[in-house]
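Quick one: this structure, given as structure tokens, is what I'll be asking you about.
The values are calculated or read from the model by the stated rules, or taken from the named source; none is laboratory data. This structure is a prediction, so every number in the text was calculated from the model and none was measured. Counting neighbours? That spans all protein chains shown, and the Cβs are built from the backbone with ideal geometry, glycine included.
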Amino acid sequence: MDCLADFRHHLLLLLPDNLLILLLKLPDTKPHPARGVFLKQVVKNIAGMVRNTIKISLKEILSPKPRQFPLVILTGLMMSACSCGPTLTTPGGQSISVAAMDRFLREQMDSLTIPALSIAIINDGEIVYHRALGMADTISLRKADKHSLFEAASTSKPVFAYLVMKMAEKGLLELDTPLYRYLPFPDLEHDARYRKVTARMVLSHTTGFPNWRWHDPNTGEWGDREMYLLHEPGTFSYSGEAYHYLAQVVAHLNGITLGKLDSLFRQEVAIPLGMEYAYFSWNDRMGSHKVTGYTESGPVYDKWEAADAMYADSTIFGAANTLHTEAVSYARFLIAIMENKGVKQESIGEMLKIQARIPNDQEAGWGDIKGWGLGFAIEPTDRGIRYSHGGHNPGFLAGCMFYKEQKNGYVFFINNDQAGAFFERLRVFLGEQ
């Protein structure tokens, strides 16, 4: 570990972004009207870190001399920033310093133009690292913080799958009962094959439904289309449409509308698991704390412009991709899966065993993923089974993974959909490849 590099990085992390920018603009040899304010903040941050071991002469620091820090401060910073500081255990079994993790994130945010990021790392079933970095909005310069909400995109699916397992345990539905018996699907009544579809098929992506009806899989074009079956039910075919149908069934069985399903989710899943900031439907908190998404064309401001057109009504519960959350809340969900919390161990077992295998003709598109459980992708590795899910809404990217036996994992959310390389770079940095 390069202690000097860690020291430099640690110092930068101590400073608020606006003060760091100010530091870079301050003249080296002339007084500056903001110098006093800036250096007082520096003193406050440093004093908090080195506690009572350093005595600072405020008079000396505030003098209009070239920027210098007393040697004792620099020594304390270097001692705290070197490899003897806090460490993390990566999913790959390596030990890395917190400072190195911080530095990696800053470098990736710079190189991939990521405005804001929320990330949490889990070791032995506990959240040992959390960061909310960058700008929630680059125009207003609103900073991201622990309350900032990101679109979870398709990482919404495992959370909804967990809710379905709770409903199954309550006896509201059976995983292998055809869904049409609970609630017919008028959009597919012209094709009787859909009557074979069950909740298990939905959660394991074997309904034969297309991902979204308005996407032509042959031409790649988007437009108004009638609902259709892409494959025979029982065939692996990743589908958000199927999740939306199952959400309607769950709402119906509870005697509520999709607009009220988020309240049920909060009651049954979010609150019991400690997912303080996790919502599928729009509310005032989301309006205050949602970060702005960024696409190649620019920012995304509308409530659901960053979700699919099916959810033009922001009160609609989009099981496939409208969860809004942040890393700590989602990490608590992953820990619940690791530790069999909230539902029976048998239900977790169903979620995490291979329910469907990736067909040979689709393997190239799924990389090392070999199959699907109920909500999670399944990837055998030398370290055990890697469970994961990714997500992409316009303006947002998300990813999560964990190893149940080791109780290690991580989750992240970013607000730039052009930064797809982040997930792969993170895997490499954490020793997974």
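Quick check on segment 360-377: of everything there that is surrounded by 13 or more Cβ atoms within 10 Å (Cβ to Cβ) and small (G, A, S), which residue is farthest from E268 (Cα to Cα)?
G371
How about segment 373-426: which of its residues are over 21 Å from A132 (Cβ atoms), small (G, A, S) and touching a helix residue (DSSP H, G or I) at 6+ places or on another chain (Cβ under 7 Å)?
G373, G375 - these are the residues of segment 373-426 that are over 21 Å from A132 (Cβ atoms), small (G, A, S) and touching a helix residue (DSSP H, G or I) at 6+ places or on another chain (Cβ under 7 Å).
While we're looking at this one, here's another question. Looking for something assigned to a loop (DSSP other than H, G, I, E, B) and among the acidic types (D, E) - is there at least one such residue anywhere in segment 90-107?
So far as segment 90-107 goes, no, none of its residues is assigned to a loop (DSSP other than H, G, I, E, B) and among the acidic types (D, E).
Go through P86, P158, P115 for me and flag whichever is buried (at least 21 other Cβ atoms within 10 Å of the Cβ) and either at pLDDT below 95 or touching a His at 6+ places or on another chain (Cβ under 8 Å) (or both). Spell out how you get there, then give the answer.
Values: P86 fails: buried (at least 21 other Cβ atoms within 10 Å of the Cβ); P115 fails: either at pLDDT below 95 or touching a His at 6+ places or on another chain (Cβ under 8 Å) (or both).
Answer to the selection: P158.
I would also like to ask the following. Checking R193 against (1) surrounded by fewer than 15 Cβ atoms within 10 Å (Cβ to Cβ); (2) in contact (Cβ under 8 Å) with a residue 12 or more places away in the chain; (3) in a loop (DSSP other than H, G, I, E, B): exactly one of these is not met. Which one?
(3)
Still on this structure, I have one more. With the requirement that a residue be part of a loop (DSSP other than H, G, I, E, B), surrounded by 19 or more Cβ atoms within 10 Å (Cβ to Cβ) and touching a helix residue (DSSP H, G or I) at 6+ places or on another chain (Cβ under 7 Å), what does segment 270-296 give you?
Hits for segment 270-296 are M275, Y277, F280, S281.
Quick one: in segment 268-303, which of the residues that are in contact with an Asp or Glu (Cβ under 9 Å, 6 or more places away or on another chain) and among the small types (G, A, S) is nearest to A327 (Cα to Cα)?
A278
At pLDDT 95 or above, of a type in the set (G, A, S), more than 24 Å from L117 (Cα to Cα) and not in a helix (DSSP H, G or I), is that true of G391?
no
While we're on this one: Could you give me the residue pairs with C-beta distances under 9 Å whose first residue belongs to segment 238-261 and is farther than 13 Å from L183 by Cβ, whose second residue is among the basic types (K, R) and at pLDDT 95 or above wherever it lies, and which are 6+ apart or on separate chains?
Going by the 9 Å Cβ cut-off, the qualifying pairs are G240/K157; Y243/K157.
Quick check: is even one residue across segment 218-234 among the acidic types (D, E) and surrounded by 15 or more Cβ atoms within 10 Å (Cβ to Cβ)? Break it down stepwise before answering.
In the first step, residues of segment 218-234 are kept if they are among the acidic types (D, E); the result is 221, 224, 226, 232.
Subsequent filtering for residues that are surrounded by 15 or more Cβ atoms within 10 Å (Cβ to Cβ) retains none.
Checked against the condition, which is being among the acidic types (D, E) and surrounded by 15 or more Cβ atoms within 10 Å (Cβ to Cβ), segment 218-234 yields no hits at all.
Being more than 16 Å from A161 (Cβ to Cβ) and either outside any loop (DSSP other than H, G, I, E, B) or basic (K, R) (or both) is the filter here; which residues of segment 201-252 pass it?
Matches in segment 201-252: R213, H215, W222, R225, H252.
For Q267, only one of the following conditions fails: (1) within 20 Å of P359 (Cβ to Cβ); (2) surrounded by fewer than 20 Cβ atoms within 10 Å (Cβ to Cβ). What is its number?
The single condition Q267 does not satisfy is (1).
Would you confirm whether any residue within segment 175-188 is closer than 30 Å to M401 by Cβ and assigned to a strand (DSSP E or B)?
Scanning segment 175-188, I find no residue that is closer than 30 Å to M401 by Cβ and assigned to a strand (DSSP E or B), so the answer is no.
While we're on this one: Would you be able to say whether some residue in segment 395-411 is surrounded by fewer than 16 Cβ atoms within 10 Å (Cβ to Cβ), at positive phi and small (G, A, S)?
no
Tell me, please, whether a residue that is farther than 23 Å from G349 by Cβ, in contact with a Pro (Cβ under 8 Å, 6 or more places away or on another chain), in contact (Cβ under 8 Å) with a residue 24 or more places away in the chain and not basic (K, R) can be found in segment 378-401.
Yes.
Does segment 370-388 hold any residues that are in contact with a Phe, Trp or Tyr (Cβ under 8 Å, 6 or more places away or on another chain) and not in a strand (DSSP E or B), and which are they?
G373, G375, F376, R383
Which one of the conditions (1) charged (D, E, K, R); (2) surrounded by fewer than 19 Cβ atoms within 10 Å (Cβ to Cβ); (3) more than 15 Å from the chain's Cα centre (by Cα) does D145 fail to meet, given that it meets all the rest?
D145 satisfies every listed condition except (3).
Given the residues R357, R332, R425, which is the only one that is at pLDDT 95 or above, basic (K, R) and buried (at least 20 other Cβ atoms within 10 Å of the Cβ)?
Going through R357, R332, R425 in turn, the sole match is R332.
Would segment 301-317 turn up any residue that is crowded, with 17+ Cβ neighbours inside 10 Å, touching a Phe, Trp or Tyr at 6+ places or on another chain (Cβ under 9 Å), modelled with pLDDT of 95 or more and among the polar types (S, T, N, Q)?
Within segment 301-317 (the criterion being crowded, with 17+ Cβ neighbours inside 10 Å, touching a Phe, Trp or Tyr at 6+ places or on another chain (Cβ under 9 Å), modelled with pLDDT of 95 or more and among the polar types (S, T, N, Q)), the answer is no, since none of the residues qualifies.
Considering each of A364, A331, A336, A327 in turn, give the residue that is of a type in the set (G, A, S) and in contact with a Leu (Cβ under 7 Å, 6 or more places away or on another chain). Can you show your working first?
Numbers: A364 fails: in contact with a Leu (Cβ under 7 Å, 6 or more places away or on another chain); A331 fails: in contact with a Leu (Cβ under 7 Å, 6 or more places away or on another chain); A327 fails: in contact with a Leu (Cβ under 7 Å, 6 or more places away or on another chain).
Matching residue, one of A364, A331, A336, A327: A336.
Also, quick follow-up: Within the set of pairs 6 or more residues apart or between chains, which connect a residue that is in contact (Cβ under 8 Å) with a residue 12 or more places away in the chain and more than 25 Å from Y182 (Cα to Cα) inside segment 146-167 to a residue that is charged (D, E, K, R) and buried (at least 24 other Cβ atoms within 10 Å of the Cβ) with Cβ atoms less than 9 Å apart?
That search, which allows pairs on different chains as well, returns K146/E326; H147/E326; S148/E326; L149/E326; F150/E326.
Taking E405 as the residue in question, decide whether it is without any contact (Cβ under 8 Å) to a residue 24 or more places away in the chain, farther than 30 Å from S288 by Cα and in a strand (DSSP E or B).
Considered against the rule, which asks whether it is without any contact (Cβ under 8 Å) to a residue 24 or more places away in the chain, farther than 30 Å from S288 by Cα and in a strand (DSSP E or B), E405 comes out as no.
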